[in-house]
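Structure record follows, encoded as C-alpha cells.
The values are calculated or read from the model by the stated rules, or taken from the named source; none is laboratory data. Predicted model only: the values in this text are computed from it and were never measured. Because the Cβ atoms are built from the backbone with ideal geometry, glycine has one as well, and the counts that use them run over all protein chains shown. What goes into the accessible areas is simple: the full protein's heavy atoms, side chains included, and nothing from ligands, DNA or RNA. Shrake-Rupley method; radii C 1.70, N 1.55, O 1.52, S 1.80 Å.
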Amino acid sequence: MKKVFGILLVALLLVGCKQKITSADVAKINGYWEIEKVILEDGSEKKYGINESFDYFRMDKNSTGIRKKVMPQLDGTFLVNETFENVKIRFADDQTFLDYSTPYMKWSEEILALTDKELVVLNAEKKEYHYKKAGPINLESYGKETK
C-alpha cells in the first residue's frame, strides 16, 4: 500500500510541475535551436553530439511564423534555402501546440517546455525532442565574441 501511495504522489508531482505555456512565452521560441536528444516512446534515448543543421523559428505577435532548417558555418553565418514550414502556435485547454503546414502536409507537435534556453516538443509518434538554444559558430575570429 505504501508503494502505491508513493507512486501516486510522484505521479501527481510530475503532473503538477508541468510548465504552463502562455502567449507571453511565444517570443522565446524565436531563434536557432539545436537538438540535444530524442526520447523514444519506450523511454530509450538518442543523444546528438554535433548537429549539421539547426531549426530556426521566427514567430510574430499573432503566434504565426515559420520554421527553417539552417546549416551553421564556421564563420558564424548560416546556409539557408527557400524551404520552410508555416507554423502557428495553438492553445487548447492546458496544452500548447505547434501546428505546421506545407503545401503537401499538416502536422502538430505539443510543446512540453519552453524557456529562453530549452524547448521540448512531443510529436504524434510519441517522440520527445529536446532542443537547446543555439547561436552562430565563429572559429575564424578566435577570442572575439559572436553577435
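Filter region 31-52 down to the residues that are part of a strand (DSSP E or B) and aliphatic (A, V, I, L, M), then identify the one that is least open to solvent (accessible area, probe 1.4 Å). Give the steps one after another, and end with the answer.
Going through region 31-52, the residues part of a strand (DSSP E or B) turn out to be 31-39, 45-47.
Filter once more, keeping what is aliphatic (A, V, I, L, M): 35, 38-39.
Numbers: I35: 32, V38: 6, I39: 37 Å².
Filtering first and then ranking leaves V38.
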**Prompt:** Residues in region 5-23: is at least one within 18 Å of the chain's Cα centre (by Cα), open to solvent by less than 70 Å² (accessible area, probe 1.4 Å) and either hydroxyl-bearing (S, T, Y) or at pLDDT 95 or above (or both)?
**Reply:** yes
If you go through D75, D94, D55, the only one that is within 17 Å of A113 (Cα to Cα), in contact (Cβ under 8 Å) with a residue 12 or more places away in the chain and surrounded by fewer than 14 Cβ atoms within 10 Å (Cβ to Cβ) is D94
Per the filter on region 101-147, residues part of a loop (DSSP other than H, G, I, E, B), at pLDDT 95 or above, open to solvent by 60 Å² or more (accessible area, probe 1.4 Å) and under 19 Å from Y48 (Cβ atoms) are K117, E125, K126, K127
If you go through K69, K61, K88, the only one that is surrounded by fewer than 11 Cβ atoms within 10 Å (Cβ to Cβ) and not small (G, A, S) is K61
